[in-house]
Amino acid sequence: MRMNNYGEVLRHFCPAESPIEAMVCTSDSQKLIIGQVATDEEIPTLSVIDIESGEIIKVIEKSDDWENTVWRLVIDKNDEYIVYLKQVFDGYQIVTYNLKTEEKKLMMEIENDDKYKGFIIGPNDELVMGIDNIINFFDLGSNKLIKSIRLDEEKTITEKTHCYTSLAFSPDGKLMAVGGLKNGEVLLYDLQTEQIINRFSANFEYPRRIVFDPTGKLLFVLDYWTHGVFVWNIETYERYMHHVFNEKWRSIYCMDFDPKDSKKIAMGTIRKSVEVIKIRSGEEPEEIFYDKLHKARVYNVLFTPDGKKLISSGEDWHIVIRSVG
């Protein structure tokens, strides 16, 4: 049953006239950090936005050149460090930025970003980056490598645009899911025993995103070409509701879980829509909310950590902030 009070628009605005490639929210639910595509006019390409007012309160990067886009960003759990991937003409930089001291540190310079887009924040607030079958853990304060895990796996996906090693950690920090090494396969790695404990296979190419649900019981995989959503039960290692979650679930580009109800999932699509469904075991998902306020593909969708707002952004330059419940 659809909730009538779900999704009231609180703010619909354009922070700068270019696509919003990346977006994260601070843990206090008060600020957004967005990464945008550079243009031939000077605009902020990495900025901090106050959610209540919609105003930019800090510009971290700006540019007037097409080849200076911020393509990816993550934020640590203490809202202290942002790590972002920035294009610099023909090359790329991975940079850390301390929100408190405003100090920038260059972590690495690379020629091609395809292998480096899969970095995430790990269970101990470290930066974790998979380069092929090697998973590296970096201390955010010093940018120093603190641990490497070499998987006894050969990467067979080659010469694929944007095929990076995808990563996700279970909520308890004991398991790591790894994709992008072989077509249609995600590995489940036990960080305590340091062993691969399972392989999940299905009809997808390679994951653009892997995510555990907040309970740690389900693992979701989004195919890179938006050709499906695939889910496994971590306790049984079996596909979960495969009659619903499969390669026929096309157009989904991004997703997030409601922090107040792990059965509710928000999804942004390449068909300009934002949808919220509720998973019901053994039944079709229930549609909670749907809108088509965006005029182009939705690249980012997230609930604020307090569960009070649903926010989306993407190719049409705009951010939409909605009330939840």
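The values are calculated or read from the model by the stated rules, or taken from the named source; none is laboratory data. This is a predicted model, so every value here is computed, not measured. Cβ atoms come from the backbone with ideal geometry, glycine included; neighbour counts cover every protein chain shown.
Could you check how many residues of the stretch 105-163 are at pLDDT 90 or above, assigned to a loop (DSSP other than H, G, I, E, B) and touching an Asp or Glu at 6+ places or on another chain (Cβ under 7 Å)?
5
In the stretch 3-15, is there at least one residue being without any contact (Cβ under 8 Å) to a residue 60 or more places away in the chain and either outside any strand (DSSP E or B) or over 24 Å from residue 113 (Cα atoms) (or both)? Full working, then the answer.
Here is the first cut: in the stretch 3-15, the ones without any contact (Cβ under 8 Å) to a residue 60 or more places away in the chain are 4.
Narrowing further to those that are either outside any strand (DSSP E or B) or over 24 Å from residue 113 (Cα atoms) (or both): 4.
Checked against the condition, which is being without any contact (Cβ under 8 Å) to a residue 60 or more places away in the chain and either outside any strand (DSSP E or B) or over 24 Å from residue 113 (Cα atoms) (or both), the stretch 3-15 yields at least one hit.
Name the one entry in 283, 287, 315 that is free of Cβ contacts under 8 Å to residues at least 40 places away in the same chain, among the acidic types (Asp, Glu) and either at negative phi or out of contact with any Gly (no Cβ under 9 Å at 6 or more places or on another chain) (or both). Please lay out each step first, then the result.
Details: 287 fails: free of Cβ contacts under 8 Å to residues at least 40 places away in the same chain; 315 fails: free of Cβ contacts under 8 Å to residues at least 40 places away in the same chain.
Going through 283, 287, 315 in turn, just one is free of Cβ contacts under 8 Å to residues at least 40 places away in the same chain, among the acidic types (Asp, Glu) and either at negative phi or out of contact with any Gly (no Cβ under 9 Å at 6 or more places or on another chain) (or both): 283.
Quick one: residue 183 ticks every box in (1) modelled with pLDDT under 95; (2) touching a Leu at 6+ places or on another chain (Cβ under 9 Å) bar one, so which box is it?
With respect to (1) modelled with pLDDT under 95; (2) touching a Leu at 6+ places or on another chain (Cβ under 9 Å), residue 183 is out only on (2).
Restricting to the stretch 164-191, what's the tally of residues that are in a loop (DSSP other than H, G, I, E, B) and within 13 Å of residue 133 (Cα to Cα)? Reasoning before the result, please.
As a first pass, look at the stretch 164-191 and keep what is in a loop (DSSP other than H, G, I, E, B): 164-165, 170-174, 180-184, 191.
Next, only the ones that are within 13 Å of residue 133 (Cα to Cα) stay: 164-165, 180-182.
So the answer is 5.
Which residues, taken from the stretch 272-298, are touching a Ser or Thr at 6+ places or on another chain (Cβ under 6 Å) and either closer than 14 Å to residue 258 by Cβ or surrounded by 17 or more Cβ atoms within 10 Å (Cβ to Cβ) (or both)?
274, 298
Output yes when any residue across the stretch 286-302 is of a type in the set (S, T, N, Q) and assigned to a loop (DSSP other than H, G, I, E, B), and no when none is.
No, the stretch 286-302 has no match at all.
With respect to residue 128, is the statement that it is surrounded by 15 or more Cβ atoms within 10 Å (Cβ to Cβ) and farther than 30 Å from residue 103 by Cα true? Don't jump to the end; show me each part of the working.
Working: surrounded by 15 or more Cβ atoms within 10 Å (Cβ to Cβ): yes; farther than 30 Å from residue 103 by Cα: no.
Spelling it out, it is not the case that residue 128 is surrounded by 15 or more Cβ atoms within 10 Å (Cβ to Cβ) and farther than 30 Å from residue 103 by Cα.
Please count how many residues of the stretch 23-68 are of a type in the set (Ser, Thr, Tyr), under 21 Å from residue 127 (Cα atoms) and in a loop (DSSP other than H, G, I, E, B). Outline the logic, then answer.
Looking only at the stretch 23-68, we keep the residues that are of a type in the set (Ser, Thr, Tyr), and these are 26-27, 29, 39, 45, 47, 53, 63.
Okay, now just the ones that are also under 21 Å from residue 127 (Cα atoms), so 26-27, 47.
Now drop any that are not in a loop (DSSP other than H, G, I, E, B), which leaves 26-27.
Looking only at that region, the number is 2.
Condition first: basic (Lys, Arg) and under 13 Å from the mean Cα position of the chain (by Cα). Now tell me which residues in the stretch 71-124 satisfy that. Outline the logic, then answer.
Within the stretch 71-124, the first condition is being basic (Lys, Arg), and the residues that meet it are 72, 77, 86, 100, 104-105, 115, 117.
Result: 72, 117.
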